[in-house]
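Here the structure comes first, spelled out in structure tokens, and everything after it is commentary.
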Amino acid sequence: METDTIAAISTPIGEGAIAIVRLTGEEAIPIVNRLFDGKSLEEVASHTINYGKIVEPKEKEVIEEVMVNVMRAPKTFTKEDVVEINCHGGLASVNRLLELVLANGARLAEPGEFTKRAFLNGRIDLSQAEAVMDLIRAKTDKAMNIALKQLDGKLSKQVSQLRHQLIETVAHVEVNIDYPEYDDVEEMSHQLLKEKTKYVYQEVERLLSMAKQGKILREGIATAIIGRPNVGKSSLLNALVQETKAIVTDIPGTTRDVIEEYVNIRGIPLRLVDTAGIRETEDIVEKIGVERSREALKQSDLILLVLNNGEELTEEDRQLFEAVKGLEYIVIVNKTDLPQKLNLEEVKQLAGDQKVITTTLIEDEGIDKLEEAIADTFFMGDIETGDMSYVSNVRHIQLLQQTLQALDDARNAIEADMPIDLVQIDVTRAWELLGEIIGDTVQDSLIDQLFSQFCLGK
Ligand code: GDP
């Protein structure tokens, strides 16, 4: 168990009514107590909040008026002593407070180190730790629900249960091999392995199919709006934004430091790709050609192709259809208030299986149909987060896919009548891979890397 005491600012950097400096570790209480003018924090009851002042020990200068939460181990987030100093929000004062705490014996926490301690001290498992991270980043209520469920340990329980099935089967087969009292041991073992691997395979497949939806909920549907000039792309964007009170989010992280725009459609976040560049995509095909446009558009999960009902289909429109062929798109026939010149039959033919909807964006009409179409396309209607535990984490998805592969190898080995112990190797590998999801069999380096993705102070 790590014992040194770490500290960090746990609230977002910036102006706020309140900011929190948090400490965890053996010295957390004594360190703050040395700076605290109020009741002795070493004597107050656990899980109490205490009013007082923070005083710089040498100059005796009052730094801040604060409320201090004292939470003693083990009933804390990290299972260690935790102290939270609530001070007036404001970058300067909270920084000053942190500096003071650091100067008096605490070490600055690495990103995610609080959660890492919770994990290392056995308070939560790895998938729960990752859920904490998801929670911080959740864009919509639904995404948040999923993260909460994961935090609750739903995924862990399911994975543990599957692992249990596998290890039980392995044990069972071992026993059969050790005590071959029956002639048909070999056949029985084959049968047992076959049934169990099939069951676990199906369950993992189910988790994976939910993962796809989870990923969308978490990261948003990357959506591009394309169409010729003046068909109504900006109007569509505005309508979506108005309808859903778009949130403009600055996503912290290493890979994306651009501002992206999110709108929320029935709980599904649409991530509007390159909204600033919408005007440029007007002649995307003309500029870079069908093939290269396709490549660019492939980055999106969904393309909204806007047409003008008041005009005949042009060559450019047809090229756009060409560019989105095979991708997920919805055709929006806008300006239905104008006399129809567009050949709707031809449009439907070009769209094939993809949905075609009509709108009059100038009157804000048709957005509901678009929402329905989007919900239909990605979630076959309404999204049901009810009792499902989504897997929304890339690492989990990869591990589940590898598990499927291992189980597939096992099944093939069974089919090919391979010796039982060879089959067992594959089954055991599946068991190990599932273990990595909950952190049973992960290496330290992975753990370090995972926790480093957290926000500071979490
Ligand atoms: P963009 O160039 O594709 O972004 O198109 P805009 O959204 O800027 O719209 C071009 C023009 O079409 C604007 O004058 C809009 O007011 C108008 N417009 C948008 N939607 C409709 C509609 O449903 N009916 C009619 N008659 N005009 C519309």
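Just wondering, is there one or more residues in region 355-376 that are more than 21 Å from Ser235 (Cα to Cα) and open to solvent by 80 Å² or more (accessible area, probe 1.4 Å)?
There is no residue in region 355-376 that is more than 21 Å from Ser235 (Cα to Cα) and open to solvent by 80 Å² or more (accessible area, probe 1.4 Å).
Which of the residues spanning region 354-364 are within 15 Å of the ligand (Cβ to nearest atom) and either without any contact (Cβ under 8 Å) to a residue 24 or more places away in the chain or within 19 Å of Ile221 (Cβ to Cβ) (or both)?
If we filter region 354-364 for residues that are within 15 Å of the ligand (Cβ to nearest atom), which is where we start, we get 357-364.
Across region 354-364, the qualifying residues are Ile357, Thr359.
Would you check if there is a residue in region 112-131 being of a type in the set (Lys, Arg) and crowded, with 21+ Cβ neighbours inside 10 Å? Don't jump to the end; show me each part of the working.
Restricting attention to region 112-131, the residues satisfying the condition of being of a type in the set (Lys, Arg) are 116-117, 123.
When the remaining residues are screened for being crowded, with 21+ Cβ neighbours inside 10 Å, the result is 116-117.
Yes, region 112-131 has at least one match.
For region 384-398, check the following and say yes or no: at least one residue is in a helix (DSSP H, G or I), among the charged types (D, E, K, R) and at pLDDT below 90. Before the answer, list the steps.
Within region 384-398, the subset in a helix (DSSP H, G or I) is 394-398.
When the remaining residues are screened for being among the charged types (D, E, K, R), the result is 395.
Filter once more, keeping what is at pLDDT below 90: 395.
Looking for residues that are in a helix (DSSP H, G or I), among the charged types (D, E, K, R) and at pLDDT below 90, one finds at least one in region 384-398, hence yes.
Could you count how many residues in region 35-78 are at pLDDT below 95, touching an Asp or Glu at 6+ places or on another chain (Cβ under 6 Å) and part of a loop (DSSP other than H, G, I, E, B)?
Selection size over region 35-78: 1.
Name the single residue that is modelled with the lowest pLDDT among those in region 127-153 being touching a Phe, Trp or Tyr at 6+ places or on another chain (Cβ under 6 Å) and under 21 Å from Ile6 (Cβ atoms).
If we take residues in region 127-153 being touching a Phe, Trp or Tyr at 6+ places or on another chain (Cβ under 6 Å) and under 21 Å from Ile6 (Cβ atoms), then Met133 is modelled with the lowest pLDDT.
So Val175 fits all but one of (1) open to solvent by less than 40 Å² (accessible area, probe 1.4 Å); (2) under 30 Å from Glu415 (Cα atoms); (3) modelled with pLDDT under 75; what number is the exception?
(1)
The values are calculated or read from the model by the stated rules, or taken from the named source; none is laboratory data. Small disclaimer: the values here were computed from a predicted structure and weren't measured. Positions of Cβ are generated from backbone atoms using ideal geometry, with glycine treated the same way; all protein chains shown enter the neighbour counts. Surface areas here come from the heavy atoms of the whole protein model, side chains and all, with no ligands, DNA or RNA. Shrake-Rupley method; radii C 1.70, N 1.55, O 1.52, S 1.80 Å.
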